[in-house]
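Take a look at the structure set out below.
Just so it is clear, none of the values below were taken in a lab; they were calculated from the coordinates. Note that the structure is a prediction, hence the values are computed from the model and not measured. Ideal geometry is used to build each Cβ from the backbone, glycine not excepted, and the neighbour counts take in all protein chains shown.
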Amino acid sequence: MAFEIVPLHPLFGAELRGADLREPPNPELVRAVEDAVARYAVVVIPEQRIDDEQHIRFSRAFGPLELPPLLGVGGKRRRLRRELFDASNLDADGNLLTEESARRQYNKANLIFHSDSSFNSLPTKWSLLRAVELPPERGETEFIDTRVVYDDLPDEMKTRIEGLEAEHCLWHSRSKAGLKEITDEQRRLMPPVRHPVVRMMPDGRKALFIGAHASHIVGWPVDEGQALLDELYRFATQSKYVYSHKWRVGDLVIWDNRCTLHRAASFDDLKYRRDLRRTTINEHGPECASTDLLEAATA
């Protein structure tokens, strides 16, 4: 099987052509994808006509799934299978979310650059997002390779941030995006965690690990830590570092959460449907939701 790699941006990102994900992933395809993600951080496998089961099967070839937590935002009924994160603007019945719905407010944080599940203690590896239905205009997803960003930081900033930890919290990003009602039970289910600001990748490259979920620097006055994170965020989100992916139905986009940031671009979500479905995988560990592990630890 011959695969072709086509770069998508001067600094990172590539399209992998020649794969057919309707078939079970063989070792050659797995190796090609692993190599491409390691090099390019964001890899597009274009216009794959696959179903949810094939999406899940392909994802499991690269690690155990992180399952979506049940947080009680927008109801407890799911539209999709347990293995899939629902990255749509649709309710459990497949209808457009209303303007006042809690889940629509919750989703607004996706418009800010972030790393999926950085608020978990589990070592999230990749996300694999698939386009099922798209609006007629806008609705792109933008990506940043934070290895490139780290390499470009001034030496004095690299020295300043080495060894620092930031606290990451789901509810920080949701509050920042305007979610008004966060219950004590939700905060208990998703407590904050700490991660290094500079993360070492398996290939030895360093990456900046920040984003919307990072609230402050551990051990610093909160305002000073927030100011530093804001400064790093502004540097990382310069237009020269951003690749904007214009979706086609069937596109599967894979990115490494350990060294990328991403965000959804806005569109008229009260008028048009946008159905994207995501799997997320971990480097290791059981196939479960982070809330499952918390409940087991406190039982």
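Quick check: convex hull over the Cα atoms of the stretch 4-298, volume per residue in Å³, rounded to an integer? Intermediate results must be reported in sequence, preceding the final value.
Details: hull volume 39.4 nm³, N = 295.
Hull volume normalised by residue count: 134 Å³.
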Let a ≥ b ≥ c be the square roots of the eigenvalues of the Cα gyration tensor of the stretch 1-123; is it rounded (a/c under 1.5), or, if not, prolate (a/b larger than b/c) or oblate? prolate
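Taking the Cα centre as origin and putting +1 on Lys and Arg beta-carbons and -1 on Asp and Glu beta-carbons, what dipole magnitude results for the chain, to the nearest 20 debye?
Dipole size: approximately 380 debye.
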Return P(r) of the stretch 161-222 (all Cα-Cα pairs; 10 Å bins starting at 0; whole %; ordered from short to long distances). 21, 44, 26, 8, 0
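Please compute the length gained on full extension between Arg77 and Arg205, using 0.36 nm multiplied by the number of residues separating them and subtracting their Cα-Cα distance. Display every interim value, and only then the final one.
Numbers: separation 128, 0.36 × 128 = 46.08 nm, distance 4.16 nm.
Full extension from Arg77 to Arg205 adds 41.9 nm.
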So the number of lysine pairs in the stretch 4-298 with alpha-carbon atoms under 28 angstrom apart, 8 or more residues apart or on different chains, is 26
Using label points projected 7 Å from each Cα along Cα→Cβ, tell me how many nm separate Asn26 and Glu53, to one decimal. 2.2
What length, rounded to one decimal in nm, is gained on full extension from Glu133 through to Thr98, with 0.36 nm per residue of separation minus their alpha-carbon distance? 10.8 nm
Dimensions of the stretch 83-237 along principal axes (Cα, Å, largest first)? 51, 35, 27
Please give the calculated 222 nm ellipticity per residue for the chain, where each DSSP H segment of at least 4 residues contributes -39500 (n - 2.57) and the sum is spread over every residue; nearest 500 deg cm²/dmol? -7500 deg cm²/dmol
Residue with peak Gaussian network fluctuation, the chain [Cα springs, cutoff 10 Å], from Arg78, Arg22, Arg160: Arg160
Place a point 7 Å from Cα of Leu164 in the direction of its Cβ. Which residues in the stretch 247-262 have their backbone N less than 19 Å from it? 259-261
Using the alpha-carbon centroid of each, what span in Å lies between the stretch 257-283 and the stretch 136-215? 16
